[in-house]
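Please read the structure below before turning to the comments.
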Amino acid sequence: FTPLPDIKEEESLASNGFIEALKYTQLQWAVIAQFFYVGAQVCVGSFFLVFAVTAVGLSDKEAATYTAFYGAAFMIGRFAGTFFMKYIEPVKLLAIYSIINIILAFIAIYGKGMMTIYSLIGIAFFMSIMFPTIFALGIKGLGNATKSASSLIIMSIVGGALLPPVLGIVADKTGSIQNGYFIPLVCFIVVLLFALKMRTIKNESSH
């Protein structure tokens, strides 16, 4: 007869595992970065149709066509990013892509006409590598804490549920969907800060 595991004991062990994992600075930053990245991804994607119709004046049919281009750009970006990582270290590529997306977000906010649509499609391309890259950098070298660290980073995807309503509130309060894209802009700044922090940690550990 094998006794059933004590649920409270398992919960206690899991809790202790999370606490131990969170002692790592890289994981703390990864959880924050993933929260904001997923928030940005959902914000940009879920409001794309509304943006195309209200800010650019496209018909629903035209907007749907560009939404398909948006999805294709994300998929192609994932393959392209994997290729580029053979020649550029992931943390550096993440920083470069973050900077590009910050610029594209500014264009989406302040630009006019189709330029803004193309900028959003560009954002899809350049944010495609962010989730797996943040995840991999966050758990790298954590040893026994890897399992707990992975769970914490996955939990941080709650940003995808919390940030889109904030974009909607900003858009409603200012009367412009374009202003709402300040939310993804801030998110990409956080991802850039994460990449820079990871580079600092790597340099410190190599000395």
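The values are calculated or read from the model by the stated rules, or taken from the named source; none is laboratory data. Just so we're clear, the structure is a prediction, and the values are computed from it rather than from any experiment. Methodologically, a virtual Cβ is constructed for each residue, glycine included, from the backbone with ideal geometry; neighbour enumeration extends over all protein chains shown. Remember, those area values only see protein heavy atoms, side chains included, never the ligands or the DNA or RNA. Shrake-Rupley method; radii C 1.70, N 1.55, O 1.52, S 1.80 Å.
A few remarks follow.
- Going through (1) closer than 20 Å to residue 133 by Cα; (2) touching a residue at least 40 places away in the same chain (Cβ under 8 Å); (3) not charged (D, E, K, R) one by one, residue 70 falls short only on (1).
One line per residue, one yes/no per condition, for (1) over 27 Å from residue 138 (Cα atoms); (2) buried (at least 20 other Cβ atoms within 10 Å of the Cβ); (3) modelled with pLDDT under 95:
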position	(1), (2), (3)
13	no, no, yes
20	no, no, yes
37	no, yes, no
41	no, yes, no
44	no, yes, no
48	yes, yes, no
77	no, yes, no
80	no, no, no
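- Exclusive hit being among the hydrophobic types (A, V, I, L, M, F, W, C), within 28 Å of residue 21 (Cα to Cα), within 16 Å of the chain's Cα centre (by Cα) and surrounded by 19 or more Cβ atoms within 10 Å (Cβ to Cβ), set 195, 149, 136, 145: 195
- Only residues that are surrounded by fewer than 16 Cβ atoms within 10 Å (Cβ to Cβ) and in contact (Cβ under 8 Å) with a residue 60 or more places away in the chain were counted in region 167-185, giving 1.
- Within region 48-75, being under 16 Å from residue 122 (Cβ atoms), of a type outside the set (Gly, Ala, Ser) and over 17 Å from the mean Cα position of the chain (by Cα) holds for 51, 56, 66, 67, 69.
- For residue 32, the test of being more than 24 Å from residue 150 (Cα to Cα), modelled with pLDDT of 95 or more and outside any loop (DSSP other than H, G, I, E, B) is failed.
- All of (1) among the small types (Gly, Ala, Ser); (2) at pLDDT below 95; (3) surrounded by fewer than 19 Cβ atoms within 10 Å (Cβ to Cβ) hold for residue 72 with one exception: (2).
- Boolean, residue 61 is open to solvent by 40 Å² or more (accessible area, probe 1.4 Å), outside any helix (DSSP H, G or I), of a type outside the set (Phe, Trp, Tyr) and over 14 Å from residue 180 (Cα atoms): no
- Any chance residue 24 is under 22 Å from residue 202 (Cβ atoms) and of a type in the set (Phe, Trp, Tyr): yes
- Verdict on residue 202 being among the basic types (Lys, Arg), more than 18 Å from residue 91 (Cβ to Cβ) and either in contact with a Cys (Cβ under 6 Å, 6 or more places away or on another chain) or open to solvent by 30 Å² or more (accessible area, probe 1.4 Å) (or both): no
- Some residue of region 170-181 being among the aromatic types (Phe, Trp, Tyr), modelled with pLDDT of 95 or more and within 13 Å of residue 51 (Cα to Cα): yes
- Looking across region 105-120, the residues that are assigned to a helix (DSSP H, G or I) and open to solvent by 30 Å² or more (accessible area, probe 1.4 Å) come down to 106, 107, 110, 114, 115, 118.
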